[in-house]
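Encoded as structure tokens, the structure appears first; notes follow it.
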Amino acid sequence: MIATASALLSPQVLKEARQRERRVAWQQTRIAWLFIAPAVLMVTLFLLTPVVFNVILSFTKWQKFTGLDQFAGFNNYARLFRLPYFSEALANTAVWVVGAVVFPLAVGLGLALLLRNIPFQETFKSLFFLPRVLAPTAVAAIWYYVYAPRGVLNSAVSGITGTPFDFGWLYDPATITGSVIVTFVWQTVGITMVLLLLGLAAIPKDPIEAARVDGASNFQIFRHIVWPLLLPTVLVVTILNVAAGFTTFDLLWVMATSFPGKRTLSLAVYMYYESFSNGAWAYGSAVAVVLGAMVITVSALLAVVQARVSKNIR
Amino acid sequence: MATVTLRDIIKIYGEFVAIKGVDLDIEDGTFVVLVGPSGCGKSTILRMIAGLETISHGELKIDGKLVNDLPSRDRGISMVFQSYALYPHMSVSDNLGFGLRISGVPKVEIARRRGEAAKMLGLDPYMDRRPSQLSGGQRQRVAIGRAMVREPKVFLFDEPLSNLDAKLRNQTRIEIKRLQRQLGATVVFVTHDQVEAMTLADKIVVLNDGRVAQIGTPLEVFERPANIFVAGFMGAPSMNMLKAEVGPGNTIRAAGLNVPVPADRFKLPAAGTAVTLGIRPEDIVPEGHGTRPELGADFSAEVSFAEMLGNESLLFAELGGTEIVARMQHPRALEPNQQVRFRIDGARVHVFDNESQNSLLR
Amino acid sequence: MSLLRTFTAAGLAAVLSAGTAYAQDLILNSDKTEWNPGITAMMDAAGTAAGVKVTVQDITPTDKYQAYMQTSIAGNNAPAFFTWWNGQQLSDLVATGIPADLSANWDAAIANGDYSEAQRELVSVDGKPYGVLLNVANWVVFYNTAAFEKAGIAAPPTTWEELMADADKLKAAGYTPFNGPTSGGWMPFIWFSQLVLGGDPDAFVGLTDGTVPYDGPAVQNAFKVWGEMYAKGYFTDPREQDDQKFFVDGTAAMYLIGDWHSGSFAEAGMEPGKDFKTFLMPSLSPDVQQSVIVEASPIVVSKAALDANPELAKAVQSMMGVDASNALGTKIQVYNGNLKAAAPNATIQANKDMVAAAKPRALVRWWEAVPSQIQGDLVAAMGAFMFNPTPEQAAESMKTMQTINADYWASK
């Protein structure tokens, strides 16, 4: 028995069928929208509104207690490059972004590869993850004393060399950024490692064995198989750490308490000083806008790369 | 090409003994199939040959050279995996060339071998695609090509066809056999599918519970199964097994029947000894379907269910309290629970010792 | 959800504080943590008379306090009372309309003989007073009498040459001559401003009104002298966060600071007039007139609070009375200038006498005189020099300061 459908598939019937499908689809998404609505509202109210307000502020003359109603054009942005501290803060932020990406990744990957196949793996994982659960300010307070002139680090150096050593790690422009980055790495390496371990676990074993049979050494397997397949995870970690590097504040705020050039240590700290300490609200907003634009641009670029890489290895 | 020799091979995982002493001689240019149910250790043996598992005890030689402690890359082997194990981030072309590239083979040589493999396997149109853009059969061919370009001494296949649909599986099976002949390659092929084993192998190694159950040509293994396990494993549906005892003269008594057997076929113990009678479904011949066996015993049974396969039917019935299957050539339709007369082909039955489980064939 | 709750709570608090400004419980915000007991005593003395309870809430250090107060003021959430600074800082604040005009209270206080017209000027903007005096201090050099004795210094120095010679003697006797703290986000300006005004008082005034650049000869000379003093090891480790530590533990022999600090030294176990004494800082050369920095800290009263509760004016009047002043002086040895009140200790009395005798030029402190929008950025540049007292850093700091300064005045 063969059905003849040509008569059934009339334009009228097809139109009704399509409408029915659409109606069902709307009924299903309607509920989804209902659930999303509170989140959309919260984001709009507490995220988008302040962002828009901030951008508007950056074009006013608001400082101290006056000027909110005066239009400044691009003056605040022009000042960014005229004033000395912005470029210093920008340079330090660049160091931060690079440091916050490279070191947690390198150390985290090393640890992940080391811990992957050893006994007591869970214990080690928890150990390295521990700093993450501490508040950044608590971490900063601990490390402040590690770096203090008579702190743990200098005492260790004195003990080893036998000569008094009281270098001010957190007082010298040459060492402070690096020192705080070390603390950042200490705190971040655990989560980075755990994410990378998840990424490593998701890599199928077969291509690795295939490569081994294909004649690859351990290093070649890592370089040609594991690394490319881990790249999506690496990029996710990078996006997180790039954002952290750009907006770093609390560690610096606490650890650099007594460093005179504190405001130049990152754009986030500089932004805080200009707005809240100097009362240069409009100018601080301009710093925030530039900082935000940089974070969004770099993160978006990385996200595009990440999406492409993920697609390539699927 | 090369020989592979296994002597007293044992593999232990913690407390668990996976391979309990395996000896195997694989001659140059032969197609050897390791077959057995899951968990029998066939993949473990293959992975030990590949260098992906350590060898707990014993000797593994390739071309007469002890390779127990050699890394994979120095053993001169290639492997095709069940999941194809293609490098997902590389094009077909790079998948084929990877092993050669990291081994420092000159570019011209890589191109030549890659071209050859691609031509042989019909991969030319897909060279720039990534694995995710290929069908299952195409991926399998890439995996085979990747093994080929290395020009190994030994090819290892780990259930390479199990992820393919039935039609493609048949095609690829033929293709693999053809390639092996063409290359004159030594192949060790693992499968749990006894049809695959029968069709591909020069020599079948049947494994059970970490031990070799039988080694032989497909015909030997099928016609002269060494024990109940092999007899039951090879052939589909499985050989019917009946409780029996040795009867007077050259007969076996089972389910109230006296089945006569050829005089010189078995080394039968004294009459009255309990044995197991093995009858393949095709040797229980329904009356009027196929040649009536000369030597045999007749019985009548109610067919509880008939499975139609087109060119034949499988008839399910009961004989002496045991469910049996018979094969009906050129089938006809049967009424439910219809009585059918059968004749057991006495010349083709198997008799097994109940204690050792071994065949009593001479 | 906790975010929402915070917002609701903040909104509710704003409504409540606006609606209950006349209630008995009022807040006084301050960055002067060490003075808390004194301010509390003063407010208790004043409040009892007016039936008001004032609670002192500290926010420290100073830069954080400024941030907090600026957001409070911007959000129209200022407390009834808060400590502030005079000079430029007070002018900025008056522009917001937050502080109350206290002319009536000052008129009454002057008529009563509590204060002078000159003192009223310390807290006035455009002729109107906007604060109650919390502290009127002379900036003097405190010195450790035992150290001077040990170094063989018979009398405190009266010229720069003598000061430097004494510093060498102290150094030889194992002391660091000067305490040079950088803490609190403001202390680096102490020696910077002292060395500028010691060489050219007019240039010092010009720095704060945009007429003198931060990289001109006066500032260059100050950095040169400062650098030489550092090179000779005259200053303590700038990394120490407890500003008076090196003076009270005997490491440093001299400490240039406002005489409100004498109470803290006393608190730390040094007896004023015995363990430490003071002298007026000489100019860098005899032909420059000697100057003294006069620091005046006002407590500002919120106009909104005063409008809501006119009775509060009584409390303000009591704050300017002799009892409040004595409560403050007794508790923490800080002097708020009340003419009828006794000097809280021998040192403060001695300083008053020294200033009366020497008649130096009185200058408003740099911190109060400089525009508050740039003071923090400028202090940072001075602090950078204290951590790295080299000619290169001096040049760098001067360039940074002048860029910020020029930009500010150009945008005016």
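Going through region C:344-392 one residue at a time, which ones are surrounded by fewer than 16 Cβ atoms within 10 Å (Cβ to Cβ) and within 14 Å of chain A (Cβ to nearest Cβ)?
C:THR390, C:GLU392
Given the criteria part of a helix (DSSP H, G or I), away from chain A (no Cβ under 14 Å) and in contact with a helix residue (DSSP H, G or I) (Cβ under 9 Å, 6 or more places away or on another chain), does C:LEU339 qualify?
Working: part of a helix (DSSP H, G or I): no; away from chain A (no Cβ under 14 Å): yes; in contact with a helix residue (DSSP H, G or I) (Cβ under 9 Å, 6 or more places away or on another chain): yes.
For C:LEU339, the condition - part of a helix (DSSP H, G or I), away from chain A (no Cβ under 14 Å) and in contact with a helix residue (DSSP H, G or I) (Cβ under 9 Å, 6 or more places away or on another chain) - is not met.
Here are A:THR175, A:THR163: which of them is within 14 Å of another protein chain (Cβ to nearest Cβ) and under 30 Å from C:MET386 (Cα atoms)?
Details: A:THR163 fails: within 14 Å of another protein chain (Cβ to nearest Cβ).
After applying the criteria, what remains is A:THR175.
Given the criterion open to solvent by less than 30 Å² (accessible area, probe 1.4 Å), away from every other protein chain (no Cβ under 13 Å) and outside any loop (DSSP other than H, G, I, E, B), identify the matching residue among B:ALA143, B:ALA118, B:ALA111.
On the way: B:ALA143 fails: away from every other protein chain (no Cβ under 13 Å); B:ALA111 fails: open to solvent by less than 30 Å² (accessible area, probe 1.4 Å).
Step by step, each of B:ALA143, B:ALA118, B:ALA111 is checked, and only B:ALA118 is open to solvent by less than 30 Å² (accessible area, probe 1.4 Å), away from every other protein chain (no Cβ under 13 Å) and outside any loop (DSSP other than H, G, I, E, B).
Residues of region B:299-328 being more than 24 Å from B:GLY256 (Cβ to Cβ), in a strand (DSSP E or B) and open to solvent by 70 Å² or more (accessible area, probe 1.4 Å), which ones?
B:GLU307, B:MET308
This table checks each residue for (1) among the hydrophobic types (A, V, I, L, M, F, W, C); (2) under 23 Å from A:SER258 (Cα atoms).
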| site | (1), (2) |
| --- | --- |
| C:ILE348 | yes, no |
| C:ASP353 | no, no |
| C:PRO360 | no, no |
| C:TRP367 | yes, yes |
| C:ASP377 | no, yes |
| C:THR400 | no, yes |
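Would you confirm, using the coordinates I've provided, whether A:ASN92 is farther than 18 Å from A:TRP186 by Cβ, within 18 Å of the chain's Cα centre (by Cα) and polar (S, T, N, Q)? Don't jump to the end; show me each part of the working.
Numbers: farther than 18 Å from A:TRP186 by Cβ: yes; within 18 Å of the chain's Cα centre (by Cα): yes; polar (S, T, N, Q): yes.
Yes: the conditions hold for A:ASN92.
C:PRO298: open to solvent by 20 Å² or more (accessible area, probe 1.4 Å) and either away from every other protein chain (no Cβ under 14 Å) or part of a helix (DSSP H, G or I) (or both), yes or no? Step through it out loud before you land on a result.
Working: open to solvent by 20 Å² or more (accessible area, probe 1.4 Å): no; either away from every other protein chain (no Cβ under 14 Å) or part of a helix (DSSP H, G or I) (or both): yes.
Considered against the rule, which asks whether it is open to solvent by 20 Å² or more (accessible area, probe 1.4 Å) and either away from every other protein chain (no Cβ under 14 Å) or part of a helix (DSSP H, G or I) (or both), C:PRO298 comes out as no.
So for region C:127-136 (the condition being open to solvent by 10 Å² or more (accessible area, probe 1.4 Å), assigned to a strand (DSSP E or B) and out of contact with any strand residue (DSSP E or B) (no Cβ under 7 Å at 6 or more places or on another chain)), does at least one residue qualify?
Step one: of region C:127-136, the residues open to solvent by 10 Å² or more (accessible area, probe 1.4 Å) are C:127-128, C:130, C:136.
From what's left, assigned to a strand (DSSP E or B): C:128, C:136.
After this cut, where a residue has to be out of contact with any strand residue (DSSP E or B) (no Cβ under 7 Å at 6 or more places or on another chain) as well, the list is C:128.
Within region C:127-136 (the criterion being open to solvent by 10 Å² or more (accessible area, probe 1.4 Å), assigned to a strand (DSSP E or B) and out of contact with any strand residue (DSSP E or B) (no Cβ under 7 Å at 6 or more places or on another chain)), the answer is yes, since at least one residue qualifies.
Which one is most open to solvent (accessible area, probe 1.4 Å) among residues in region A:155-183 that are under 21 Å from A:PRO260 (Cα atoms) and part of a helix (DSSP H, G or I)? I'd like the intermediate steps shown before the answer.
We begin by selecting, within region A:155-183, every residue under 21 Å from A:PRO260 (Cα atoms); these are A:166-183.
Still in the running and part of a helix (DSSP H, G or I): A:176-183.
On the way: A:ILE176: 1, A:THR177: 11, A:GLY178: 39, A:SER179: 7, A:VAL180: 0, A:ILE181: 12, A:VAL182: 75, A:THR183: 0 Å².
If we take residues in region A:155-183 being under 21 Å from A:PRO260 (Cα atoms) and part of a helix (DSSP H, G or I), then A:VAL182 is most open to solvent (accessible area, probe 1.4 Å).
Checking C:PRO188 against (1) more than 14 Å from chain A (Cβ to nearest Cβ); (2) within 30 Å of C:SER411 (Cα to Cα); (3) in contact (Cβ under 8 Å) with a residue 60 or more places away in the chain; (4) of a type outside the set (A, V, I, L, M, F, W, C), which test does it fail?
Status for C:PRO188: all satisfied but (1).
Conditions first: (1) of a type outside the set (D, E, K, R); (2) in contact with a helix residue (DSSP H, G or I) (Cβ under 8 Å, 6 or more places away or on another chain); (3) part of a helix (DSSP H, G or I). A:ILE296 passes all but one, so which condition is the exception?
The number of the failed condition is (2).
Would you be able to tell me the number of residues in region C:73-94 that are over 22 Å from the mean Cα position of the chain (by Cα) and over 22 Å from A:TYR270 (Cβ atoms)?
First, the residues of region C:73-94 that are over 22 Å from the mean Cα position of the chain (by Cα): C:74-77.
Now narrow it down to the ones that are over 22 Å from A:TYR270 (Cβ atoms): C:75-77.
Total satisfying the criteria: 3.
Just give me the residues in region A:187-225 being more than 21 Å from the chain's Cα centre (by Cα) and more than 11 Å from chain B (Cβ to nearest Cβ), in sequence order.
A:ALA201, A:ALA202, A:PHE222, listed by residue number.
From the list B:ILE49, B:ILE9, B:ILE45, pick out the single residue that is assigned to a strand (DSSP E or B) and buried (at least 21 other Cβ atoms within 10 Å of the Cβ). Before the answer, list the steps.
On the way: B:ILE49 fails: assigned to a strand (DSSP E or B); B:ILE45 fails: assigned to a strand (DSSP E or B).
Among B:ILE49, B:ILE9, B:ILE45, only B:ILE9 is assigned to a strand (DSSP E or B) and buried (at least 21 other Cβ atoms within 10 Å of the Cβ).
Going through region A:107-125 one residue at a time, which ones are touching a residue at least 24 places away in the same chain (Cβ under 8 Å) and open to solvent by 50 Å² or more (accessible area, probe 1.4 Å)?
In the first step, residues of region A:107-125 are kept if they are touching a residue at least 24 places away in the same chain (Cβ under 8 Å); the result is A:107-109, A:111-113, A:115-116, A:125.
Once the filter is applied, which keeps residues that are touching a residue at least 24 places away in the same chain (Cβ under 8 Å) and open to solvent by 50 Å² or more (accessible area, probe 1.4 Å), region A:107-125 yields A:VAL107, A:LEU113, A:ARG116.
Does B:ASP69 satisfy being among the charged types (D, E, K, R), within 22 Å of B:VAL205 (Cα to Cα) and open to solvent by 30 Å² or more (accessible area, probe 1.4 Å)? Let's see the steps before the verdict.
Details: among the charged types (D, E, K, R): yes; within 22 Å of B:VAL205 (Cα to Cα): no; open to solvent by 30 Å² or more (accessible area, probe 1.4 Å): yes.
So B:ASP69 fails the test.
Any residue at all in region A:126-136 that is in a helix (DSSP H, G or I), free of Cβ contacts under 8 Å to residues at least 24 places away in the same chain and either touching a Leu at 6+ places or on another chain (Cβ under 7 Å) or not assigned by TED's automatic domain parsing to the domain that holds A:LEU230 (or both)?
No, region A:126-136 contains no residue that is in a helix (DSSP H, G or I), free of Cβ contacts under 8 Å to residues at least 24 places away in the same chain and either touching a Leu at 6+ places or on another chain (Cβ under 7 Å) or not assigned by TED's automatic domain parsing to the domain that holds A:LEU230 (or both).
Given the condition within 14 Å of chain C (Cβ to nearest Cβ), open to solvent by 20 Å² or more (accessible area, probe 1.4 Å) and touching a helix residue (DSSP H, G or I) at 6+ places or on another chain (Cβ under 8 Å), answer yes or no: does some residue in region A:229-246 qualify?
If we filter region A:229-246 for residues that are within 14 Å of chain C (Cβ to nearest Cβ), which is where we start, we get none.
Checking region A:229-246: not a single residue is within 14 Å of chain C (Cβ to nearest Cβ), open to solvent by 20 Å² or more (accessible area, probe 1.4 Å) and touching a helix residue (DSSP H, G or I) at 6+ places or on another chain (Cβ under 8 Å).
Residues that are open to solvent by 20 Å² or more (accessible area, probe 1.4 Å), modelled with pLDDT of 90 or more and within 19 Å of C:ALA327 (Cβ to Cβ), at least 2 per element: which strands (runs of 3 or more DSSP E) completely within region C:1-119 meet that? Even if it seems obvious, please write down each step before you answer.
Details: elements: C:25-30, C:53-58, C:81-83.
Strands (runs of 3 or more DSSP E) meeting the threshold: C:53-58.
Could you list all residues from region C:191-212 that are closer than 20 Å to C:GLU228 by Cα, out of contact with any strand residue (DSSP E or B) (no Cβ under 8 Å at 6 or more places or on another chain) and either open to solvent by 30 Å² or more (accessible area, probe 1.4 Å) or away from chain A (no Cβ under 14 Å) (or both)?
Going through region C:191-212, the residues closer than 20 Å to C:GLU228 by Cα turn out to be C:191-200.
Next cut, out of contact with any strand residue (DSSP E or B) (no Cβ under 8 Å at 6 or more places or on another chain) only: C:192, C:195-196, C:199-200.
Passing the criteria: C:LEU195, C:VAL196, C:GLY199, C:ASP200.
Which condition does C:PRO286 not pass, out of (1) surrounded by 19 or more Cβ atoms within 10 Å (Cβ to Cβ); (2) assigned to a loop (DSSP other than H, G, I, E, B), if it passes all the others?
Here C:PRO286 clears every test but (1).
With respect to B:ASP128, determine if the residue is assigned to a helix (DSSP H, G or I), farther than 21 Å from B:ILE19 by Cα, within 14 Å of another protein chain (Cβ to nearest Cβ) and open to solvent by 40 Å² or more (accessible area, probe 1.4 Å).
Details: assigned to a helix (DSSP H, G or I): no; farther than 21 Å from B:ILE19 by Cα: yes; within 14 Å of another protein chain (Cβ to nearest Cβ): yes; open to solvent by 40 Å² or more (accessible area, probe 1.4 Å): yes.
The answer is no for B:ASP128.
Is it true that B:ILE55 is touching a strand residue (DSSP E or B) at 6+ places or on another chain (Cβ under 7 Å), assigned to a loop (DSSP other than H, G, I, E, B) and either crowded, with 17+ Cβ neighbours inside 10 Å or among the β-branched types (Val, Ile, Thr) (or both)?
Numbers: touching a strand residue (DSSP E or B) at 6+ places or on another chain (Cβ under 7 Å): yes; assigned to a loop (DSSP other than H, G, I, E, B): yes; either crowded, with 17+ Cβ neighbours inside 10 Å or among the β-branched types (Val, Ile, Thr) (or both): yes.
So B:ILE55 fits the description; yes.
Working only within region A:272-314, note down all residues that are more than 9 Å from chain C (Cβ to nearest Cβ), open to solvent by 30 Å² or more (accessible area, probe 1.4 Å) and free of Cβ contacts under 8 Å to residues at least 40 places away in the same chain.
A:ALA293, A:ILE296, A:THR297, A:ALA300, A:LEU301, A:VAL304, A:ALA307, A:ARG308, A:LYS311, A:ASN312, A:ARG314
The values are calculated or read from the model by the stated rules, or taken from the named source; none is laboratory data. Bear in mind the structure is a predicted one, so any value in this text is a computation, not a measurement. All Cβ positions, glycine included, derive from the backbone under ideal geometry; neighbour counts span all protein chains shown. The accessibility values were calculated without ligands, DNA or RNA, using every heavy atom of the protein model including side chains. Shrake-Rupley method; radii C 1.70, N 1.55, O 1.52, S 1.80 Å.
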